[in-house]
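First the structure, in the form of structure tokens, and then the observations on it.
The values are calculated or read from the model by the stated rules, or taken from the named source; none is laboratory data. Values in this document were obtained by computation on a predicted structure and should not be read as measured data. All Cβ positions, glycine included, derive from the backbone under ideal geometry; neighbour counts span all protein chains shown.
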Amino acid sequence: MIPVLLIAIAAWAIAQVLKLLIATAVYRKFDITYLTTGGGMPSSHSALVCAAAVSCGMSAGFDAPVFAIAAVMAFIVMYDAAHVRRETGEQAKVLNYIIHNWEEFKPENFERDFKELIGHTPLQVAVGAVLGVAVGFAGSFIVFDI
């Protein structure tokens, strides 16, 4: 359903804009790349999948198979964001430290630093999930005229 997709995309976009605003406030530096980057507060992945799941539930019913599938996928994405991708970011920090501090390796031999802000803390995932649920409900009331 197109409205479900649009609601999910709206939640993602809102999360990305919030990420830019929060990063600007915290780091006191405006960096437009926060509009397209992964990682950071709130999790746009969590917002996207939760908005999709909620709007599926609102349109087809919370007892519908499509809601069950969307909810399961949301939990998988949020687990990945908070665990697997976060660990990848922690490993990137260690590798970057080794590259910059180990005299036997010359940093110029490497094209660039590894991206350290890849995953999310559980709080970032939770805030993204709450945002997605809120946008899912609000968007469903607007779009589906509930």
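Quick check on this structure: which one of A71, A82 is under 22 Å from G136 (Cβ atoms) and modelled with pLDDT of 95 or more? If you could, list the steps in order and put the result at the bottom.
On the way: A82 fails: modelled with pLDDT of 95 or more.
Among A71, A82, only A71 is under 22 Å from G136 (Cβ atoms) and modelled with pLDDT of 95 or more.
Kindly establish whether A47 is in a helix (DSSP H, G or I), modelled with pLDDT under 80 and surrounded by 14 or more Cβ atoms within 10 Å (Cβ to Cβ). I'd like the intermediate steps shown before the answer.
Numbers: in a helix (DSSP H, G or I): yes; modelled with pLDDT under 80: no; surrounded by 14 or more Cβ atoms within 10 Å (Cβ to Cβ): yes.
For A47, the condition - in a helix (DSSP H, G or I), modelled with pLDDT under 80 and surrounded by 14 or more Cβ atoms within 10 Å (Cβ to Cβ) - is not met.
Quick grid of which residues meet (1) touching a strand residue (DSSP E or B) at 6+ places or on another chain (Cβ under 6 Å); (2) assigned to a loop (DSSP other than H, G, I, E, B); (3) among the small types (G, A, S):
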residue: D63; (1), (2), (3): no, yes, no
residue: V66; (1), (2), (3): no, no, no
residue: A74; (1), (2), (3): no, no, yes
residue: L95; (1), (2), (3): no, no, no
residue: I99; (1), (2), (3): no, no, no
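Go through the range 81-101 residue by residue and tally those that are surrounded by fewer than 13 Cβ atoms within 10 Å (Cβ to Cβ) and more than 16 Å from G38 (Cβ to Cβ).
Number of matching residues: 5.
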